[in-house]
Structure formats: structure tokens, C-alpha cells
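Below is one structure; the comments refer to it alone.
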Amino acid sequence: TTDPLVVFTPSGKRGHFPTGTPILTAARQLGVDLDSVCGGRGICSKCQITPGYGEFSKHGVTAKDGALSDWNSVEQRYKDKRGLIDGRRLGCQATVQGDIVIDVPPESQVHRQVVRKAASAREMIMDPAVRPYYVEVAEPDMHTPTGDLERLAQALKDQWGIEEVEAGISVLRRLQPMLRKGKWTATVVLHKGHQDKAHRILGIAPGYFDRPLYGLAIDLGSTTIAAHLTDLRTGEVAASSGIMNPQIRFGEDLMSRVSYSMMNPGGDVEMTTAVRTALNALIGTLKAESGVKPQQIMEAVFVCNPVMHHLLLGIDPVELGQAPFALATSGSLSLHAADIELDTINEAARIFILPCIAGHVGADAAAVALSEAPNEQDELTLVVDVGTNAEILLGNKTQVLACSSPTGPAFEGAQISSGQRAAPGAIERIEIDPVTKEPRFQVIGMGLWSNEPGFEAAIAATGVTGICGSGIIEAVAEMRMAGLLDSKGLIGSPEQTGTPRCILEGRTHSYVIYDGTADGGPLITVTQTDIRAIQLAKSALYAGARLLMDEMGTDTVDRVVLAGAFGAHISPKHAMVLGMIPDVPLDKVTSAGNAAGTGARMALCSVAARTSIEKTVRDITKVETAIEPKFQEHFVNANAIPHATDPFTILRS
Ligand code: FES
């Protein structure tokens, strides 16, 4: 062929096209990922490209400043209105004039890669279920009596190749005025989930409409609910916020909530109402923070444990409280916002809930699997998502096992005498001098140690208010390393430890970390009861991990990933001293941050990720801790600090 050669970077896709072919047309035919909302009409500017080597069409339009440009009048108008970066062209306007190389910048790709902070985790490629499309719709006439929706569907088919569309009543109510207002042009927002045959119309606006669309990634935990308002084009988080789960008043952990439901007729309904009200409040906070309007929020993706899953859906969780722990459904769910009474987002918005793995292993564990991808690792990887209920995954490319373990809320600072949520004023880092037994600490949001100059002034605003989850883990581990605590977890007397900071409270001792009583502040201590709560929590976590290792037939793991809302803040060394996790070299322990939340965001941003997690979940082997006698044995042995039978090199080094 003598037609010019057209090469796209970074994809490397290439082909021959006649002179005069628009770049966007060439891209479409080659399957190059080049965005377009207006379908090549020069309205949306989503198709921007950077000409590389070769001959592109030149138009010589005179710009406002009198300079000649390569742009045509459409591009020039766009430049004047909104600013087109120098050197960029609109792919639907520039044409092939000879052999050329064209670069598609990341922001012009639909399936762009979102930068992830954690190096260990898999990359995230945008592939949202929700996308806007600009269309020109045929006007009705007396001779072809079709409805407006049918003509819109025809336009979507002709102009975008979309075969099947459906619309709910809220959209139908707006359809006619919108089409007429836009003089038979409109931007429609379509949604297509990974199992849907048809595209569903979520919204319609007259003419070309360019407001960003958002989705919510929600990690619905037993103790806290965290939500990320995410831009569905870029994957960027516009606002994040968290709230306490109001169901705490019905029971701190999952099983006590299930019993509340068993003991109180209508108890499940009360809990369902409480969590839905909290969700709407949380969404309100996100909207206020970001300025995003309810109509712009088109989808919400949830990850949660099985009990929260049922309570969110309004399903009585009673079966989850007794063997064989049957779920109402373990599959993923695609719902309408009204089905779960989310009335603070777009009326037509969709809900997606990740699949559960088993009766005790929920969609949150599925989300962790999606984010951390143990099934793609060569090394045997243990992923521990630390929360009120710990999700534990162990595996590599060959096999992945999962279980959950009821750690209780101690790691989140609850049930701890001076415990509090991670917030300003909370102690998050602690060191205890092994010789003097004197502590020093850091408070959240401040880089200063308590014994450094300027500390008192810096905390004047908040004061020191308590200890958060990561702080209590460090406190207990440091107490053990400083010899204030024996391996059984007993705090020594002032005589045994040689420090007056060990005070007698009732019949046991407590260790004073901060005494603010002289100025009317709090006395912050770690009590014997606190140590017991941490021992129970860490034993449950460790026993769960150990059980999976037994099932796998291994005594060691290659790598440990600590995840969870505060997983990123846990110091690997202290977790190891405590015996929360199996013994591995310290440099093999990494933090993954809120992996469940990240998994939710990945599922929100990518339909392909939803398909992938369904497959992963099917392949995961579930291990039930509640009925496994070995769990008890591991649990009892793990009560010691770090552990009764395992060697734990860290205390010896
Ligand atoms: Fe919309 Fe080019 S495709 S401006």
C-alpha cells in the first residue's frame, strides 16, 4: 500500500491510512485507547494528542495574538475558550498527511494507569462502569412514530456502537425536556457493570455536558466506616472521610451484633437503619468537603465483612451467628441506590458490593485480595488486615487460603483504658529506654518527641488525650523490651522493674506514660487489663495466620503485609515483638495501608477488576477458624509475648 504509515505511542499500534484521515478515526480502527466523549465533533477536547514525527495537517489559523498556528478553527476556538496546551492537537481535527508518529498522553486515555503508592500492590487501570457519551438524536415526526428513548437508543447505536440501553423511571421523567432543551443533542451518562448485557442510562443533560462524574469507594467496617469520593475519569480521590459505625451501641464486635439481632425482635432493622443513616451523613461530609453535587455521584462500591454486608442490605444476620455460617448470598451484588436507602447521591446511581468469600470471610477480604494480589506473587505472602475482625490471606501463584479472626476492637484503641481513635492528641509512637525505663512519645500529626524542646508548646492546642491503636501496640512491645512486662504479659511492681512509673492500681500494676494531672490533663497509663486485651487480640490474629500456615503445610512465610485502616501505622518491629505475626526477617514485613479501601477503589474504577476478583474469590480456599480445634491450641500458645513455642529471633537479636 502507498497510504501513509500511522504509529501510535505508547501502545505501538500501527497501520496505513489514506491522507486526510482524522487521527481519532485511525485510533479507533487500530483499537488505540484515545478518549472521546463527543464522538469527534470537536466539543469535548478529550481526544488530545501530541504530534511526534511526521506530517500533520496544518491549518494556519491566526491566533488572538496574531501568531500562526497549526490548529484549525475548531482547535483554535477550544484553545481560546479553555486552553489547549501548545503542541497538542485535537485527535478528531488533526489529520494524517504523511508517515506519522502520534503520542497519546495519559490524560487522553480512558484506560489510564492510576499511580499507586504501595510498591507491592498491583497496578490500577481505569476502566469505569460509568461513562458520558455525547449524542445527536433524531427529532420525532408524524410519519415515524417512535418514542424519544427509542430514538436515543438508535443514536447511541449508530454513533457509539452501543447495542442495548435501558432507562429507569427517574431518567424517563427527565428525558423529554432534556432532549428538547439541547435541541436534540444530549450528553448521557451510561453504566454497564461486568455482568450487565445492557447499558443503563443514569443521567441525561442537554447538549454537551462536562461536569466530572464521581463514585464512592466505601469500606464498611465494624468499628469505622471509611469512604473515598473518587473521580471516575482519573481515579483521583477528591475527598476521603471516616465515621464511627453507630452500630457499636448494639455491640462492639460482630457476634454481639448478631446476638443483639437474635435477642431483640426488629434489632436487625434498627442496626440497618443506623448504618444507612451514618452512610448518608458521611456522604454529606464528603460532598461538603469537595463541593461535589449529589447528581454527580453515580456509583458506590462497598466492601464489608459478612455481618455488615447483611445488615447493610437489610438481611437478618442470624444465620451468620451459628454453624454452618451460611450467607444469604456470597455473590457480588449490583443494586439501585434506593435499595439501600442511599438518598444523598444521584437518584439513578448504582451500588456494587464485592463478593464474600465465606460465612466469616467477607467482601473486605476479597477487596484485600484484589489490592494485594497474593495470587500473583512468587513468594509465599501473608496478608493481615488488622481490624476488629482480622482478614488473613496466605498464598502465592499456586494457592491462596483465607480466614478471618475475631480480634476484637482493641487494635483500634477501643476497650483500652486510655484508648482512642487515631485523631489529634492521640499518642501513636512510643519508645521506652531500657535502662531508665522512661518513656517518650509522639502525638499524631506532630513530628516531635515528647522530650524534645517545643513539644509542650506544640501540643498546647489539643493536649495529649489518649493512645491510638498503633500507639498501644508499640507501648506493649516497648514495655516487653524494657523488661517492664514478663513473657506472660504481667506488669512488674516498682521494686521488680526499678521505676516508680509502675504504679499499683487495684491489685495489678499499670505503667504511666503521661501524667498531665497537675494541669488538669489526663493520666495516661497502660493497665494490666489493657495488656490482656492486646494479648487476646494478637493471639487471635496470630492463631489465624498459623492455622492457614498449617493448612498450607508450611512453618514459614516469605513475606508479611500489614494492612488495615491503621495497618500503615503499625511498626513492623513492634508487631513482631508482640508476636502479632509469624517470625520473618524484619525487612520482609511491609505496610499496605488500607488495602480493603484500596480494593474498593479498584473495583469502583475498573469493571475488569470486578471480573478478576470474582475469579480470585472462586479460587480462594476458605478456612473456618471457629470450628477448627487447632485454632484454640495456637491461640493459647500465642498468648505469651511474643509466643510460647515459636522461636522469635527478634527478642534475641
Ligand atoms: Fe471530542 Fe475530539 S473527540 S473534541
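Quick check on the exposure proxy: order ARG601, ARG131, ARG507 from fewest to most C-beta atoms within 10 angstrom.
With the sparsest Cβ surroundings first, the list reads ARG507, ARG131, ARG601.
Within segment 491-513, name every residue whose backbone N is under 15 Å away from a label modeled 7 Å from Cα of ASP433 along the Cβ vector.
Zone members listed by number: 498-501.
Per 5 Å bin from zero, what fraction in whole % of the C-alpha pairs of segment 5-108 is there, up to the bin with the longest pair?
Reading the bins upward from 0: 2, 14, 26, 26, 18, 9, 3, 1.
Provide, as a two-decimal number, the C-alpha radius of gyration of segment 280-435 over 2.2 N^0.38 Å, N being how many residues it has. Numbers along the way, then the final one.
On the way: Rg = 18.8 Å, N = 156, 2.2 N^0.38 = 15.0 Å.
Against the empirical 2.2 N^0.38 Å value, I get 1.26 for segment 280-435.
Select from PRO106, ILE43, VAL269 the residue farthest towards the positive end of the dipole of the chain; place +1 on Cβ of Lys and Arg, -1 on Cβ of Asp and Glu, and compute about the Cα centre.
So the residue furthest toward the plus end is ILE43.
So for the pair GLU379, THR462, with labels modelled 7 Å out along Cα→Cβ, what separation do we get in nm?
3.3 nm
Which of the helices in the chain meet the span-like rule: DSSP H, Cα axial reach of 20 Å or more, Kyte-Doolittle mean at least 0.0?
267-290, 528-552
If you stretched the chain out fully between THR25 and GLU150, how much longer would it get, using 0.36 nm times the residue separation minus the C-alpha to C-alpha distance? Spell out each step's value before the answer.
Working: separation 125, 0.36 × 125 = 45.00 nm, distance 2.69 nm.
Extra length available between THR25 and GLU150 comes to 42.3 nm.
Per DSSP H run of at least 4 residues, take -39500 (n - 2.57); add these up for the chain, divide by its residues and hand me the 222 nm value, nearest 500 deg cm²/dmol.
Details: 16 runs with 182 residues, N = 653.
Computed ellipticity for the chain at 222 nm equals -8500 deg cm²/dmol.
If R0 is 45 Å, what FRET efficiency do you get for THR529 and GLU123 from their C-beta distance, rounded to 0.05? Walk me through the numbers before you get to the answer.
Details: r = 45 Å, r/R0 = 0.99.
Taking R0 as 45 Å, the efficiency between THR529 and GLU123 is 0.50.
If you consider only alpha-carbon coordinates, what radius of gyration and Dmax does segment 168-209 have, in Å?
Gyration radius and largest Cα-Cα distance of segment 168-209: 11.1, 34 Å.
Packing-wise, with mean Cβ within 10 Å as the measure, how do 466-473, 311-318, 237-244 rank, highest first?
On the way: 466-473: 27.8, 311-318: 20.4, 237-244: 17.0.
Order by mean packing, descending: 466-473, 311-318, 237-244.
With +1 on the Cβ of every Lys and Arg and -1 on the Cβ of every Asp and Glu, and nothing else charged, how large is the dipole of segment 116-206 about its Cα centre, in debye rounded to the nearest 20?
For this selection, approximately 540 debye.
Using Cα centres only, tell me the gap between segment 146-183 and segment 27-59 in whole Å.
Segment 146-183 and segment 27-59 have Cα centres spaced 26 Å from each other.
Compute the separation of the alpha-carbon centres of segment 552-625 and segment 296-347 and state it in Å as a whole number.
Taking the Cα centre of segment 296-347 as reference, the centre of segment 552-625 is 23 Å away.
Report the FRET efficiency, 1/(1 + (r/R0)^6), for SER73 and ASP210, where r is their Cβ-Cβ distance and R0 is 25 Å, rounded to 0.05. Mind showing how you got there, number by number?
Numbers: r = 20 Å, r/R0 = 0.81.
With a Förster radius of 25 Å, E is 0.80.
Measuring from label point to label point, each 7 Å out along Cα→Cβ, what is the GLU270 to HIS16 span in nm?
In this crude label model, GLU270 to HIS16 measures out at 7.7 nm.
With Rg and the Kirkwood Rh both taken from Cα atoms, where does Rg over Rh land for segment 493-615? Don't skip to the end; give the middle numbers.
Details: Rg = 20.2 Å, Rh = 18.0 Å.
Expressed as Rg/Rh, it is 1.12.
Extension gain ALA281-GLU452, at 0.36 nm per residue separation less the Cα-Cα distance, in nm? Spell out each step's value before the answer.
Working: separation 171, 0.36 × 171 = 61.56 nm, distance 4.00 nm.
My answer for the length gained is 57.6 nm.
In debye, nearest 20: dipole of the chain around its Cα centre with unit charges on the Cβ of K, R (+) and D, E (-)?
Working: 58 positive and 74 negative charges, 320 e Å.
That gives the chain a dipole magnitude of about 1540 debye.
Determine the dipole magnitude for segment 418-526: charges of +1 sit on the beta-carbon of Lys and Arg, -1 on that of Asp and Glu, nothing else is charged, the reference point is the Cα centre, and the result goes in debye to the nearest 20.
Values: 8 positive and 13 negative charges, 64 e Å.
Magnitude of the dipole: close to 300 debye.
Would you please report the Å³ per residue occupied by the convex hull of the alpha carbon atoms in the chain? Please list the in-between numbers first.
Details: hull volume 134.1 nm³, N = 653.
Expressed per residue, the convex hull around the Cα atoms of the chain is 205 Å³.
When GLU299, GLU136 are ordered from fewest to most other Cβ atoms inside 10 Å of their Cβ, what list results? Let's see the in-between values first.
Values: GLU299 26, GLU136 15.
By the 10 Å Cβ count, ascending, the order reads GLU136, GLU299.
Determine the relative contact order of segment 337-427: mean sequence separation of Cα pairs under 8 Å and six or more apart, normalised by residue count, in whole percent. Before the final figure, lay out each step's value.
Details: 133 pairs, mean separation 15.3, N = 91.
Taking the mean separation of contacting Cα pairs over the length of segment 337-427, I get 17 percent.
Sorted from fewest to most neighbouring beta carbons within 10 Å, what does the list ASP219, ASP519, ASP558 look like?
Values: ASP219 29, ASP519 8, ASP558 15.
Neighbour counts put them in this order, fewest first: ASP519, ASP558, ASP219.
Give me the log10 of I(q) over I(0) for segment 418-526 at q = 0.17, 0.22 Å⁻¹, as the Debye formula computes it from C-alpha points; what are the numbers?
After summing over all Cα pairs, the log10 values are -0.78, -1.24.
Using alpha carbon coordinates only, what is the Rg to Rh ratio of segment 329-411, with Rh defined as the Kirkwood radius? Mind dumping the intermediate values first?
Working: Rg = 15.5 Å, Rh = 14.3 Å.
Here Rg/Rh amounts to 1.08.
Can you tell me the FRET efficiency between THR398 and HIS143 if r is taken as the Cβ-Cβ distance and R0 is 60 Å, rounded to the nearest 0.05? Display every interim value, and only then the final one.
On the way: r = 66 Å, r/R0 = 1.09.
So the FRET efficiency works out to roughly 0.35.
Per the chain: cysteines with no other Cys C-beta under 4.7 angstrom?
Among the cysteines of the chain, those whose Cβ sits 4.7 Å or more from every other are CYS47, CYS92, CYS304, CYS356, CYS403, CYS468, CYS502, CYS605.
Taking segment 108-203 as the region of interest, what is the percent of Cα-Cα pairs per 10 angstrom bin, listed from the shortest bin to the one with the maximum distance?
14, 41, 25, 13, 6, 1, 0
Can you compute the modelled spin-label distance between ASP86 and LEU172, with each label point 7 Å from Cα toward Cβ, in nm?
The two pseudo-label positions are separated by 5.5 nm.
Give the peptides 366-376, 423-433 in descending order of average Cβ contacts within 10 Å, highest first.
Details: 366-376: 26.5, 423-433: 19.8.
The packing order, highest mean first, is 366-376, 423-433.
Rounded to a whole number of µm²/s, how large is the Stokes-Einstein D of segment 214-353 at 25 °C and 0.890 mPa s, given Rh as the Kirkwood radius over C-alpha pairs?
On the way: Rh = 15.3 Å.
D, rounded to a whole number, is 160 µm²/s.
Under 20 Å from a point 7 Å along the Cα-to-Cβ line of ALA323: which residues of segment 615-645 have their amide N that close?
Residues 622-636 qualify, since their backbone N sits under 20 Å from the label point.
No lab work stands behind these numbers, since they all come straight from the coordinates. Predicted, not measured: the structure shown is a model, and the values here were computed from it. Cβ coordinates were reconstructed from backbone atoms using ideal geometry, including for glycine residues, and neighbour counts include every protein chain displayed.
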